[in-house]
1. If I go through region 70-83 residue by residue, how many of them are more than 17 Å from Pro21 (Cα to Cα) and in contact with an Asp or Glu (Cβ under 9 Å, 6 or more places away or on another chain)?
2. Since Gly114 meets every condition but one in (1) touching a strand residue (DSSP E or B) at 6+ places or on another chain (Cβ under 6 Å); (2) at pLDDT 85 or above; (3) under 13 Å from Ile70 (Cβ atoms), which condition does it not meet?
3. All but one of (1) surrounded by 15 or more Cβ atoms within 10 Å (Cβ to Cβ); (2) within 20 Å of Ala142 (Cβ to Cβ); (3) touching a strand residue (DSSP E or B) at 6+ places or on another chain (Cβ under 6 Å) hold for Thr15, so report the exception by its number.
4. Kindly indicate which of Asp96, Asp83, Asp55, Asp62 is out of contact with any helix residue (DSSP H, G or I) (no Cβ under 9 Å at 6 or more places or on another chain) and closer than 30 Å to Asn148 by Cβ.
5. Arg100: in contact with a Ser or Thr (Cβ under 9 Å, 6 or more places away or on another chain), at pLDDT below 95 and of a type outside the set (Asp, Glu), yes or no?
6. Report whether or not Phe60 is buried (at least 20 other Cβ atoms within 10 Å of the Cβ) and not aliphatic (A, V, I, L, M).
7. Within region 26-47, count every residue that is closer than 20 Å to Met128 by Cβ and surrounded by fewer than 13 Cβ atoms within 10 Å (Cβ to Cβ).
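The values are calculated or read from the model by the stated rules, or taken from the named source; none is laboratory data. Note that the structure is predicted; figures quoted are calculated from it, not measured. Ideal geometry is used to build each Cβ from the backbone, glycine not excepted, and the neighbour counts take in all protein chains shown.
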Amino acid sequence: MGLKVGEKAPEFSLTDQYGEPFHSKDVLGKKYMVIYFYPKDNTPACTKEACQFRDRYEDFTDNGAVVIGISADSQKSHRRFSDKYELPFTLLVDSDNMVRRLFRVQSNLLFLSGRETFMVDLEGEIIMAFNSIGASEHVKRALKTLRNAIK
């Protein structure tokens, strides 16, 4: 299992789909972070999940959160995926699975990279950790957690 609620989120730096550096410390204290790990660009479940985050993106940003997708796919793959589905959020390249390991995201039974979503509050604490290979509940749970956190 991945990091648990109450644990501190690790700091990390990766490259986004445009080749730009992303540093989690630049967001910490300014916005909530929804960090979702997914197996692979352009696969049915991962596309469904990304499009659900896209469709609810304004609900996240209007409530002070950024959405960040992370997989081991290349920058080129992320860029094509982002462009094809008009994803308005950051996709990060974790080609060596370093950040996946920092968050302790496990592979599933099929040896695919696991699907897990975390919500990090303004102090850097994990306030939600949801692990399910099914894509449909991740966005709902993240939005519910965010809305409860800002009350």
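1. Looking only at region 70-83, we keep the residues that are more than 17 Å from Pro21 (Cα to Cα), and these are 80-81, 83.
Applying the additional criterion that residues be in contact with an Asp or Glu (Cβ under 9 Å, 6 or more places away or on another chain) yields 80-81.
Summing the residues that are more than 17 Å from Pro21 (Cα to Cα) and in contact with an Asp or Glu (Cβ under 9 Å, 6 or more places away or on another chain) in region 70-83 gives 2.
2. Among (1) touching a strand residue (DSSP E or B) at 6+ places or on another chain (Cβ under 6 Å); (2) at pLDDT 85 or above; (3) under 13 Å from Ile70 (Cβ atoms), the lone unmet condition for Gly114 is (2).
3. Of everything listed in (1) surrounded by 15 or more Cβ atoms within 10 Å (Cβ to Cβ); (2) within 20 Å of Ala142 (Cβ to Cβ); (3) touching a strand residue (DSSP E or B) at 6+ places or on another chain (Cβ under 6 Å), Thr15 misses just condition (2).
4. Numbers: Asp96 fails: closer than 30 Å to Asn148 by Cβ; Asp83 fails: closer than 30 Å to Asn148 by Cβ; Asp55 fails: out of contact with any helix residue (DSSP H, G or I) (no Cβ under 9 Å at 6 or more places or on another chain).
Residue meeting the stated conditions: Asp62.
5. Details: in contact with a Ser or Thr (Cβ under 9 Å, 6 or more places away or on another chain): yes; at pLDDT below 95: yes; of a type outside the set (Asp, Glu): yes.
For Arg100, the condition - in contact with a Ser or Thr (Cβ under 9 Å, 6 or more places away or on another chain), at pLDDT below 95 and of a type outside the set (Asp, Glu) - is met.
6. On the way: buried (at least 20 other Cβ atoms within 10 Å of the Cβ): yes; not aliphatic (A, V, I, L, M): yes.
When the stated conditions are applied, Phe60 passes them.
7. Here the count works out to 2.
Okay, residues lined up against (1) surrounded by 20 or more Cβ atoms within 10 Å (Cβ to Cβ); (2) of a type outside the set (Lys, Arg):
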{"position": "Ser82", "(1), (2)": "yes, yes"}
{"position": "Pro88", "(1), (2)": "no, yes"}
{"position": "Asn97", "(1), (2)": "no, yes"}
{"position": "Arg141", "(1), (2)": "no, no"}
